[in-house]
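Coordinate-derived values only; no laboratory data. Everything quoted here is computed from the prediction, not taken from an experiment. Here the Cβ positions follow ideal geometry from the backbone for every residue, glycine too, while neighbour counts run over all protein chains shown.
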Amino acid sequence: MPHSMANPIQRAESLVLRPLRRRPLRGFAEHVAFWSLAALLLLIMVSLLPGQSASKHSDGLFLATLVLLISAAVLGYRWLVNHVLWKVRNRLIVTYLLMGLAPLILFVTLATIAAYVFSGQFATFAATSEMDAALSRLAAENQAFAVHAANALAHKPHEETVNLADYEGAVQSTPGRLTVDAWSDGQPMRLSYDGKPIPFHSVGGRMAYPAWAHDGFRSVILDGGRLYLRAVNARTVNGRQVTMVSSAMLDPETVGQLAQGLGVIHILPDVDRAFEEDRLHRARLTPPSQRELEVETRGTVSGGTLEDPAFLLDRRITFSAPLTIADWKNGKSLTGLVNVTSRPALLYAHLFGSAVVVGTFIRYLLITLATIFAVLELIAFVMAVRLNRTITRAVADLYKATTAIDRGNFTHRIQVQRQDQLGALSTSFNTMAESLERLLEQQREKERMQSELEIAHEVQNNLFPHGQLEMPGLELHGFCKPARTVSGDYYDFLLMGESELFLAMGDISGKGISAALLMASLHSAVRAYRFAGEDCVESDGAAFLHGAPSFSSPGKVLSTLNRHLFRSTQAEKYATLFLAHYNTHSRRLVYSNGGQLPPFVLCANGSVRRLDCGGSVVGLLDNLSYEEDAVTLDPGDILIAYSDGVTEPENEFGEFGEARLIETVQRHRHLPLAAISQQVMQSLRAWIGEQEQPDDITLVLARQARAD
């Protein structure tokens, strides 16, 4: 724009924008939008002046409106890109709206249409089912009338009036007013009930003999311009044919009974005739400008009431279905129509039966809608792809950068060319690359600490008994599974000669490294006392060091270990410990329990004995004494010693428990001890499920061998 023209234009724009406290216009689109709006307002004011007509300025109004809309669309797009779509989150939202919400809307639309069609079909089915049921009851009553009349005439051939004893029950079971017509060999016959004549069809006189109707006929019929439920039955007795015709007129009251709980039912008896009459009426009598589509004919009847909606979406549903109606004059079938107006809440109460077959028109309509929806989905997909390109380009840059970092090139940087959130993300990646080397150094330090923990784990594993320990007459097995890298549980087997065994099992308070260190201290103390006891024995068998405990007395060993731990550990540290001395010759097990969960002796006969004699935990209090007890292991008896990690794991049914442990060992007691311990672990894993192992698991089994 020339400078000489720009100054007057800018001054005019400033006169408008300055009072509104708006910034000066920038860019071609803003100037076009401003002046097109001004032109549109000017043309509108001119058209409102006296003597002016809007039609004179219609072209100018259309052109100004079109230019304004185009420029506003350009400005709206720029504002959307620079403000709303700057954030990746907003870009993804728009993408998902285009790719996800559009199919959802289409699906909901299709589902709504399908639900409406299904509901309408179900409503018409329920209405026709009610009419069929009423017609079936009427036919059954009419057949009973025919049988009764035939039997009465068989006994009294010259009787002029037949009494129908079950007429009152038929009246109660039939909707509307019930009439019964009877003929004997084509001649009218009188009917009565309790001495009173029974009503007969009397529209225009007595009903003519239905020469075309066959026995068992029943249908909705059109007779004299009115609709009826009608049934025909015939019986032949002694050469005389008795014909009975029962009718129930479909008036508004009767249709209202059929429509009870469903809504409003509207029955049109002859659709072809109705449309033909309407066509002739429109062509001859009604001016084209006043024609309305109103289809009415003789016999049309409505009944029922539509209840108020039960909830917000309880909308009105109107649907129609064909209904076969017979013309009583000649038996010709007419194409009727039953129209039902209902609500979803009412239809829910009638939820049974099958739907009416969908017509060809509805099928083609759904195909057309599906095609339109597919085109809309394709358009939405193309727009979403174009919008996603800006995201995928930034992702590609990030992928190249991460590949370079993966190769060890920490000097790689992304060239930032965007001023939106994706550009900020690239800048953050460059900052991350600078920090990555420091993080790797921290990772190496963490791996070093983990390696030291693994070494500690290996060292601790060496403290547990290894290999197959064999003693004459006694099988031994033990295992420990830590909850973490290292364990606070402890067990040991000490062989003294060929006929004696010292068994130890304990649990250190706490978990992790501190518990593992205290466990190692306890292990070394037990081993040290054992070897010291062997080395300090004189040739005559008397202990050289009177203070050294004898391993044949577990209670005294516990007292010594208690004093050792109390004086060498912190006040809050303690351990539970079970010690036992076993002699293979006598099969006698002497034990003392220092606060450990009592082991069990599962006898060969199925009984269980708890080994709970002893005292308090070890290392918590000084100068404690521990009691001892002894049991004799019979052949087949199994000693079960365990930590709380075996019995205390929980799930929604509670703890695993001692009873379940004993039952598992009892069920598999014939297996080797290693196999029994595997069965216990399988039961524990099944009980815990996907949960993390809560505590260290330690199990020691000893079985007295059976005599050969």
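For region 141-152, putting each phi into the Karplus relation 6.51 cos²θ - 1.76 cosθ + 1.60 with θ = phi - 60° gives couplings of 5, 5, 5, 5, 4, 4, 5, 5, 5, 5, 5, 5 Hz, in residue order, rounded to whole numbers and with x for Gly and Pro. Taking 7 Å along the Cα-to-C-beta vector as the label spot, tell me the residue 400-residue 161 distance in nanometres, rounded to one decimal. It is 11.1 nm.
First select every other residue whose beta carbon is under 12 angstrom from the beta carbon of residue 72; then total the charges, Lys and Arg +1, Asp and Glu -1. Please report the intermediate quantities before stating the final value.
Values: positive: 78; negative: 30.
Result for the local shell: 0.
Among residues other than residue 304 with Cβ under 15 Å from its Cβ, the summed charge is -3 (Lys and Arg +1, Asp and Glu -1).
Checking every one of the GluC sites (Glu not before Pro) in region 133-184 against DSSP loop status and a limit of 15 other Cβ atoms within 10 Å picks out 159, 160. Within the shell of other residues whose beta carbon sits under 12 angstrom from the beta carbon of residue 552, the net charge comes to +1, with Lys and Arg scored +1 and Asp and Glu -1. Extending 7 Å from Cα along the Cβ direction at residue 681 and again at residue 140 yields two label points whose distance is 7.2 nm.
In a DSSP loop and with at most 10 other Cβ atoms within 10 Å, the GluC sites (Glu not before Pro) in region 542-637 are 572.
Multiply the residue separation of residue 607 and residue 583 by 0.36 nm, subtract the distance between their alpha-carbon atoms, and state the gained length in nm to one decimal. Could the numbers behind the result be given before it?
On the way: separation 24, 0.36 × 24 = 8.64 nm, distance 2.25 nm.
Stretched out fully, the residue 607 to residue 583 stretch lengthens by 6.4 nm.
Averaging the Cα positions of each part gives two centres, and for region 205-265 and region 415-439 these lie 88 Å apart. Between residue 459 and residue 185, residue separation times 0.36 nm minus the direct Cα-Cα distance comes to 87.1 nm.
Shown is the FRET efficiency for residue 621 and residue 527, computed with R0 = 30 Å from the Cβ-Cβ distance and rounded to the nearest 0.05: 0.80.
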